[in-house]
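In what follows, a single structure is set out as structure tokens and then discussed.
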Amino acid sequence: MNIRNDFPILKNNPDLIYLDSTATSQKPSHVIDGVKDYLESWYANIHRGSYDLSDTSEKLYERSKQVVANAIGSDNWREVIYTMNSTYALNLLTQSIWRTGLLKKGDKVLVSMVEHHANIVPWLILKEDYGIEVEYINILDDYSIDYEDFRSKLDDNVKIVSLTHVSNTTGQIFDLENANSLLNMRYGNDRPLFIVDASQSVPHFKIDVKSLWCDALFFTGHKIFADSGIWVLWWKEDFLKSLRPAFSWGGAIWHVSQWEFTHAAQLPDRFEPGTPNLSGAVSLLRAFEYIGSIWGYKKLEEIEADLTEYALAKFQNIDWVKLIGGIDAQKRVWVFTFSVEWIHSFDISDYMADNDICIRAWQHCAEPFLSSLDLVHTCRMSLHIYNTAEDIDRFFEVLEKAINELK
Ligand SMILES: Cc1ncc(COP(=O)(O)O)c(C=O)c1O
């Protein structure tokens, strides 16, 4: 089985070495053909049509949610909400929480230092507009969460804990079971809401919302082989039922009079105003089917373990390069952020681009974390199942050349 052959972009650009999958993954033919087939044969708006096309389109939309629910361990596809992007998804979540009165002035939201801006800025908006507090949990030298610091910050004002599962910068996998135990020990049944950013875990390994004990979880389709513009918000049904949606129109509305409206009773419709991203939903369905077709997450994890070990060994053997991430392959994914002290990250990424190698430069939407390390400019190379040991060799060969020429 040659997985690279499943990705037409690699065939169409034979010299290209794509090492930017943490930003977005490439798409397999199964997804591309699946979306084409949908647009050519089944496309119609859902919910309001009684004709066959609309019916089939709606069935595919629901099937997509069933597959997603199943992939993340939820028994109820109605807990799955699709939105168009992280900005919308996170603001829908935070603003709905605020509208429902689950936070008030002075209440605290705990996040980690290494969060993606997507899990910081929407909380800072609530801080700016309504006076909630946002506090940061420290990260230890081995890039894991500082659980002592976490424990010390769990006071009566903490109403929400929102943590990433895997860092998009260090690649570290956080031990969320430990976080969950600390919450249980400190609060018992009266726990703060526990929210998980799974944007970098769902593309790497099988997750289970039940064993994470979270109230809400979110991730994006485009990092897991689906199209861009389709984001997943999973909310536990009880939590979802209690929330007042922050935005409303279209299918999210039941009745509208001149002066009033009522939200749709059904979940998840009340949280999905307007026409959803129908082809995006189909692409997500096909993306999870594709993972199943290559023997599921097991295969993905096997390839990841081998290439991660391989790349880590190389990072440890190259002079002048500082890896911003742990060296235990069991506790991390294949995202490698690094800096070369006296060379600007854009110079390195430009040099790589001139050699047909795609990497990323700057702060990877984790500015508070990198600033805490006195770093602003770093590079990031990241892998996926279509990469090979030869890609990694070539990357290091060019990196060495870049260091010699640019220093
Ligand atoms: C951990 C994490 N959260 C959120 C996001 C935001 O995703 P998007 O780029 O789709 O807005 C990313 C994207 O890199 C991420 O890595």
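The values are calculated or read from the model by the stated rules, or taken from the named source; none is laboratory data. Quick caveat: nothing in here was measured; it's all calculated off a predicted structure. As a convention, Cβ positions derive from the backbone with ideal geometry for all residues, glycine included, and neighbour counts pool all protein chains shown. Heavy atoms of the whole protein, side chains included, go into the accessibility calculation; ligands, DNA and RNA do not. Shrake-Rupley method; radii C 1.70, N 1.55, O 1.52, S 1.80 Å.
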> Residues with beta-carbon under 10 Å from that of ALA264, excluding ALA264: net charge, scoring Lys, Arg +1 and Asp, Glu -1?
Replying inline: -1
> If you build a Gaussian network model of the chain, linking Cα atoms that sit under 10 Å apart, which residue out of SER345, SER257, SER371 swings the most?
Replying inline: SER257
> Which lysines does LYS223 reach when only Cα atoms under 19 Å apart count, and residues fewer than 8 places away in its own chain are ignored?
Replying inline: LYS27, LYS65, LYS206, LYS298, LYS299
>> Not counting ligands, DNA or RNA, and with a 1.4 Å probe, what is LEU182's accessible surface area in Å² rounded to the nearest 10?
In response: 10 Å²
> R0 = 41 Å: FRET efficiency of ASN85 with ASN404, Cβ-based, nearest 0.05?
Replying inline: 0.50
> Are there chymotrypsin sites (Phe, Trp or Tyr not before Pro) in the range 247-329 that DSSP puts in a loop and that have at most 11 other Cβ atoms within 10 Å, and which ones?
Replying inline: TRP249, TRP259, TRP295
> Each label point is 7 Å from the Cα along the Cα-to-Cβ direction; what then is the distance between the points at LYS127 and TRP295, in nm?
Replying inline: 4.7 nm
>> Let me check I've understood the local charge: for MET1, count other residues with C-beta under 14 angstrom from its C-beta, Lys and Arg +1, Asp and Glu -1. What total comes out?
In response: +1
> Roughly to the nearest percent, how much of the accessible area of the chain is carbon and sulfur, given a 1.4 Å probe?
Replying inline: 49 percent
> Using Cα pairs under 8 angstrom and six or more residues apart, how large is the relative contact order of the range 1-160, in percent?
Replying inline: 13 percent
> What is the gain in length, in nm to one decimal, between LYS11 and ASP319 on full extension, counting 0.36 nm per residue of separation less the C-alpha to C-alpha distance?
Replying inline: 107.5 nm
> At a probe size of 1.4 Å, how large is the accessible area of TYR351, to the nearest 10 Å²?
Replying inline: 30 Å²
> How far is it, in nm, from the label point at ILE327 to the one at ASP75 when both lie 7 Å from their Cα along the line to the Cβ?
Replying inline: 4.6 nm
>> Let me check against my output: what whole-number percent is the relative contact order of the chain, with C-alpha pairs under 8 Å and at least 6 apart?
In response: 22 percent
>> Using the Karplus curve 6.51 cos²θ - 1.76 cosθ + 1.60 with θ = phi - 60°, what ³J(HN,Hα) values do you get for each residue of the range 323-336, in whole Hz, with x for Gly and Pro?
In response: 7, 9, x, x, 10, 8, 4, 6, 10, 8, 10, 8, 10, 10
> Any idea how far apart LYS104 and ASP350 come out in nm if each label point goes 7 Å out from Cα toward Cβ?
Replying inline: 5.5 nm
>> List the trypsin sites (Lys or Arg not before Pro) within the range 149-256 that DSSP assigns to loop and that have no more than 15 neighbouring Cβ atoms inside 10 Å.
In response: LYS206
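Mind putting a number on the dipole of the chain about its Cα centre? Charges go on the C-beta only, +1 for Lys and Arg and -1 for Asp and Glu, and I need it in Debye to the nearest 20.
So the magnitude is around 1120 debye.
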> With every protein chain left in place, what is the accessible area per residue of the chain in square angstrom, probe 1.4 Å?
Replying inline: 44 Å²
>> Straight-line reach only, C-alpha to C-alpha below 17 angstrom: list the lysines that LYS104 could link to, leaving out same-chain residues fewer than 8 apart.
In response: LYS127, LYS159
> Local charge sum around LEU154 (other residues, Cβ-Cβ under 14 Å, Lys/Arg +1, Asp/Glu -1)?
Replying inline: -3
